[in-house]
Amino acid sequence: MNSKVAELLVAQVNKEFYSAYLYLGISKYFQQNDLSGFASWYRAQAMEEQEHALKFYDYLLDNDQDVPLPAIEAVTAEYKTVLDAVKTADKHEHYITDEINKIYDAAVSAKDYRTQLFLNWFITEQEEEEKNSKDMISKVQLLGDKPKNLYLLDKELAARK
């Protein structure tokens, strides 16, 4: 495997685990603000991000690459509003998409076809992640921060498994 591609993949493991931390922080914010449905939704999102990190981790190991595990950056989970929290998630998803695109570009340059195929799944997944975060922003903006409206959305979000 090309060393630049391997380096970017290794860095992505940490970024995906950071994503899980970020979503746990968002979940904590919602739990502390009595929005358990939102909290549950973002906790499920955190679990999904851990799965993504492990996909990168396993791919690297399956391709005889070392996977150092540096510390994961701390998360600050302080938000002024529900909208701030969901916008943070959206911004982060766009960042992750950009990072995956950088890895894909490096794989193309290196003619690393196997990594390109591996990343196709993540490219499709990021399309879904960005749609989910955009939809969440739209719902929160539409309903506003009135307790009754948040209560209804909270109940909807609690249904995610």
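Read-outs throughout are calculated quantities, based only on the coordinates presented, and are distinct from any laboratory measurement. All of these numbers come straight from a predicted model, not from anything done at the bench. Note that we place each Cβ from the backbone using ideal geometry, even for glycine, and neighbour counts take in every protein chain shown.
Overall, the chain carries a charge dipole of about 580 debye about its Cα centre when +1 sits on the Cβ of Lys and Arg and -1 on the Cβ of Asp and Glu, all other atoms neutral. Of all aspartates and glutamates in the structure, the ones whose alpha carbon falls short of 19 Å from that of Lys111, not counting any fewer than 8 places away in one chain, are Glu7, Asp62, Asp64, Glu99. Dipole of the range 107-161 computed with +1 at Lys/Arg Cβ and -1 at Asp/Glu Cβ about the Cα centre; of Gln141, Leu117, Ala107, farthest Cα towards the positive end is Gln141. Across the chain, the longest piece that holds none of the GluC sites (Glu not before Pro) lying in DSSP loops with up to 12 other C-beta atoms within 10 Å covers 79-161.
The label-point distance for Tyr113 and Tyr95, in a model that sets each label 7 Å from Cα toward Cβ, rounds to 3.6 nm.
Backbone geometry of the range 92-102 corresponds, through the Karplus equation with coefficients 6.51, -1.76 and 1.60 at θ = phi - 60°, to 3J(HN,Hα) couplings of 5, 4, 5, 4, 5, 4, 4, 5, 5, 4, 5 Hz, x marking Gly and Pro. In this structure, Lys102 and Gln141 have a Cβ-Cβ separation that, at R0 = 35 Å, corresponds to a calculated FRET efficiency of about 0.70. Lys/Arg Cβ at +1, Asp/Glu Cβ at -1, dipole of the range 1-78 taken about the Cα centre: which of Phe56, Ala20, Thr76 is farthest positive-ward? Positive-end residue among those listed: Thr76. Note the listed values (1) 1.03; (2) 1.00; (3) 0.93, then indicate which one is Rg/Rh (Cα atoms, Kirkwood Rh) calculated from this particular structure. Read-out taken from this structure: (1).
Using only side-chain charges placed at the Cβ, +1 for Lys and Arg and -1 for Asp and Glu, the dipole size of the range 13-68 relative to its Cα centre rounds to 360 debye. Potential lengthening of the chain between Asp84 and Asn132 amounts to 15.7 nm, from the contour at 0.36 nm per residue minus the alpha-carbon distance. Could you work out the relative contact order of the chain, using alpha carbon pairs under 8 angstrom and six or more residues apart, expressed as a whole percent? RCO, the chain: 32 percent.
Among the listed pairs Lys28/Lys134; Lys28/Lys102; Lys102/Lys139; Lys4/Lys28; Lys80/Lys102; Lys15/Lys148, which are separated by more than 29 Å between their Cα atoms?
Lys28/Lys102; Lys102/Lys139; Lys4/Lys28; Lys80/Lys102; Lys15/Lys148
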